[in-house]
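The values are calculated or read from the model by the stated rules, or taken from the named source; none is laboratory data. Values in this document were obtained by computation on a predicted structure and should not be read as measured data. Backbone-built Cβ (ideal geometry, glycine too); neighbour counts: all protein chains shown.
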Amino acid sequence: MQEIFIGVDSHRSTLAAAAIDPIGRVLDAAEFDNDARGHRTLLAWRRRFEGEVRIGIESSGNYGNALARMLFSADEDVFEVPANLSHREAKRQARGKSDPIDAVAIARVVAREEGLPRPRIDHAFEDLKLLSDHFDQLKRQRTQLVNRIHKALVVSHPGYDKRVGNLKAERHKTTVMNLVRKDHSVRADLVRRNIKEIRRLEAEVKSVRAEINELLETSGTTLTKEAGIGPVLAARLLGEVGDVTRFRSKAAFARLTGTAPLPASSGLTIRHRLNRHGNRRLNCTIHYIALTRRRVDPESKAFIAKRIAEGKTRKEAMRSLKRHLSNRIYRMMVEDADCLSRRT
């Protein structure tokens, strides 16, 4: 039975699809609207090909998410293709840039790569990702407002920071409001508005954090029991990873998290270098966990000390710790998924 590999390049309004055979020859290519009717047309086009068909979708968590859900419900063999792999393949072809060319590159990645993850289709994981993204956005907005207030007050009230310190505590916000109480300038008015907006954002942050805690409790995750992983970081991990059973091994998971170091050896020097591929948001999360554990967790402190004693630099020891944590997080998520499946 012949194998057929289909690549789909998804955009907001359109979908470009290409089918290739096992040696990379293009069998057909077509474009479809990215809506329910276009998805049905794409499925009908796919069924023209006989044999074992594997479909890879780039941006399956974004513009291609609805298509991925429909294809899963139709019992199709669907995979998520990371953008960095398809972009590298398109550059290797050196045939210019277009949606059909990108679709061919995606199909060739599907044909070549083993262990590609499955698209996320679980609503609980998607909700955690949306909430963690919103939480981060709220925190960024608050930081911007604090910076604006600081910029205004260093002009109108030099030395105010000696009295205020920061704007985390409510008493500090009250102090700032008292500073500008009798000031009717535009600058002071903007400070008052920004303080009011900070209070609103903090109330929303508290609400979002409560929603995250509720979803985590429902999910049955044990990630929050691990040192350095609080509810927000656990939500980010679960939201970005989705269904961990999409990954066949801890090595495949490490490639997603960007913690699988790349060889950079020369002669008698055996070493590895930083891997800048994978999901950078996940990589950043694991890096943050590693920094926290290096400071408070005895096991992680001993791990770093042992690697340094073996001749690794501090950066290399941290990369080793990140890979160790990636493997540990993967095992915990797999165990959680097994427990959940047994309960259901």
Point to revise | Condition met for Val205 (surrounded by 16 or more Cβ atoms within 10 Å (Cβ to Cβ), assigned by TED's automatic domain parsing to the domain that holds Gln137, at pLDDT 85 or above and within 24 Å of Ala124 (Cβ to Cβ)) | key: yes
**Study point:** Residue check, Ile308 at pLDDT 95 or above and more than 22 Å from Leu116 (Cβ to Cβ)
**Key:** no
**Study point:** region 257-270, subset surrounded by 11 or more Cβ atoms within 10 Å (Cβ to Cβ) and modelled with pLDDT under 85, residue farthest from Gly56 (Cα to Cα)
**Key:** Ala264
Practice item. Any chance you could count how many residues in region 131-188 are under 30 Å from Gly242 (Cα atoms) and among the aromatic types (Phe, Trp, Tyr)? Key: 1
Check your understanding: Could we say that Asp136 is of a type in the set (Asp, Glu), assigned to a loop (DSSP other than H, G, I, E, B) and more than 30 Å from Asp33 (Cβ to Cβ) here?
Key -> no
Practice item. Would you be able to say whether some residue in region 99-106 is within 25 Å of the chain's Cα centre (by Cα), under 29 Å from Glu204 (Cβ atoms) and surrounded by 13 or more Cβ atoms within 10 Å (Cβ to Cβ)? Key: no
Practice item. Among the helices (runs of 4 or more DSSP H) lying completely within region 28-123, list those that include at least 3 residues that are under 18 Å from Phe247 (Cβ atoms) and of a type outside the set (A, V, I, L, M). Key: none
Review point. Considering region 36-68 alone, what residues qualify as being among the basic types (Lys, Arg) and either assigned by TED's automatic domain parsing to the domain that holds Glu240 or surrounded by fewer than 16 Cβ atoms within 10 Å (Cβ to Cβ) (or both)?
Key: Arg37, Arg40, Arg47, Arg48
Check your understanding: What pairs come up if the first residue lies in region 139-150 and is more than 17 Å from Ser207 (Cβ to Cβ), the second is aliphatic (A, V, I, L, M) and not in a helix (DSSP H, G or I), and their beta carbons are under 6 Å apart, counting only those six or more places apart or on different chains?
Key -> Val146/Leu167
Review point. Is region 7-25 home to any residue that is outside any strand (DSSP E or B), β-branched (Val, Ile, Thr) and crowded, with 16+ Cβ neighbours inside 10 Å?
Key: no
